[in-house]
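Below is one structure, written out as structure tokens; the observations come after it.
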């Protein structure tokens, strides 16, 4: 495999570290919104590391059966992971590419799942690492095209300190090593991917978001400090070691869309960010003839309610979904369109919408798949007079002032070569294309929200909407 192979699979994922199988399973179910293509669990003991990973959501594998595979007395710590791929050979969809990734072990491929026994090293990872930082890895040893496996080999050759020193991002990850008594949890210096330290039943663990602990009887302790290693002991204790100075470049899109509504990331409430985004959107995007405010389920509800309150317009549910599936997490354009078409519908008894002027709030318009379905429902299904679609995220995928096409290079499914609706188009041109008026919050307006809540622009990654590359100072 050559170095280019690392580009094939990149992820935005959720992971957790817990001390019982039940907690690992419960925690990762609470993080299901971060990925639904694959799930996996690693069981780590003093003498062995065993892994299972399967296709589909967490509940595709019953916990009662996992207990049979992982006898409870042999292990002290468990990793769990949910994943969706974000780049490259998505048509392959191989379970081998899913997490946890391992070095060593004996694999048994069961078709719908894989069991890997007696591994040397295991890792779970949320983020995306540029292949140029992994060129020193012995590629002949790699069995997959995933940057996470390469990170494990980097760790094996150079250690966890060198990961933080030499690789600026993007990763929040956990590593289990059969030759060591401690679990290693680390977050890159930018903190671009979220991660928290939590406490449950007298023992410390880690997860992508605090809700994994808070929704399952645990407590949030702190956000993982960027540039820091946390060593989790089998007895539940923790020690931490700062390796490089923190240079925060938090992903704004985590608050806008990716994170759970009830999460608090880096000290800032997701719910509060979305509320203030709705308020600022109401100040800058006004539709004088509007009679009703609604939203595209489910993420933008808080912003839509704030918009309605600020403008004095009535708020109303117009759409519904059959399930909480996020079409954004679909692997292909066809899967995303299918997800929307089979999941997003107009509520019954919508006759009163005929000839009305409505405002529809959405978190973002990336490829316009949602927007086209929404237009079909409100114009053809409800007979509205005019629907104004408003986004509380500025245009994504634009070309920056440096003439470089934007997108995400750090683990969200928006690579720069994607089919962005906003690329080289004005809002007016997009409106004509989707056959519905479209508006965006301004970049300045969005940054005003984060500044108001304690996160200045220099602490955010805004690369996908035209901002600077978050790692430039160190590359």
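Descriptive notes on the structure:
- The protection proxy used here, the mean number of other Cβ atoms lying within 10 Å of each residue, ranks peptides 395-401, 436-442 as follows, highest first: 436-442, 395-401.
- Translational D in µm²/s for segment 390-475 (Stokes-Einstein at 4 °C, 1.567 mPa s, Kirkwood Rh from C-alpha pairs): 93 µm²/s
- Ellipsoid equivalent to segment 274-328 - semi-axes via the Cα gyration tensor, in Å: 21, 13, 9
- Secondary-structure-derived ellipticity at 222 nm for the chain, considering helices only, amounts to -6000 deg cm²/dmol, per-run term -39500 (n - 2.57) for DSSP H runs with n ≥ 4.
- Shape call, segment 65-216: gyration tensor on alpha carbons, a/c limit 1.5: rounded
- Cα gyration tensor, segment 363-422 - rounded (a/c under 1.5), prolate or oblate: prolate
- Tensor-based shape of the chain (alpha-carbon gyration tensor, a/c under 1.5 rounded, otherwise prolate or oblate): prolate
- Inter-label distance, nm, simple model (7 Å from Cα along the C-beta direction), residue 107/residue 22: 3.3 nm
- In nm, spacing of pseudo-spin labels at residue 96 and residue 221 (7 Å Cα→C-beta vector): 3.8 nm
- Across the chain, the mean sequence separation of Cα contacts (distance under 8 Å, 6 or more residues apart), normalised by length, yields a relative contact order of 13 percent.
- Report note on the peptides 245-255, 450-460: ranked by the mean count of other C-beta atoms within 10 Å, highest first, their order is 245-255, 450-460.
- Whole-Å distance, taken between Cα centres, linking segment 237-303 and segment 124-199: 27 Å
- Once the Cβ-Cβ distance of residue 162 and residue 298 is raised to the sixth power relative to R0 = 35 Å, the FRET efficiency obtained is 0.25.
- Extension gain, residue 442-residue 320: 0.36 nm per intervening residue step, less the Cα-Cα distance, totals 41.1 nm.
- Projecting label points 7 angstrom from Cα along Cα→Cβ for residue 180 and residue 74 puts them 2.4 nm apart.
- Computed lengthening from residue 201 to residue 423, 0.36 nm per intervening residue step minus Cα-Cα distance: 75.0 nm
- Contact order for segment 120-198, expressed relative to its length and based on alpha carbon pairs under 8 Å spaced 6+ residues apart, stands at 36 percent.
- Length released on extending from residue 47 to residue 118, taking residue separation times 0.36 nm less the Cα-Cα span: 24.7 nm
Bear in mind these aren't lab numbers, they're just calculated from the coordinates by the rules spelled out. Remember, it's a predicted structure, so these values are computed and weren't measured experimentally. Using ideal geometry, Cβ is built from the backbone for each residue, glycine included, and neighbour counts are taken over all protein chains shown.
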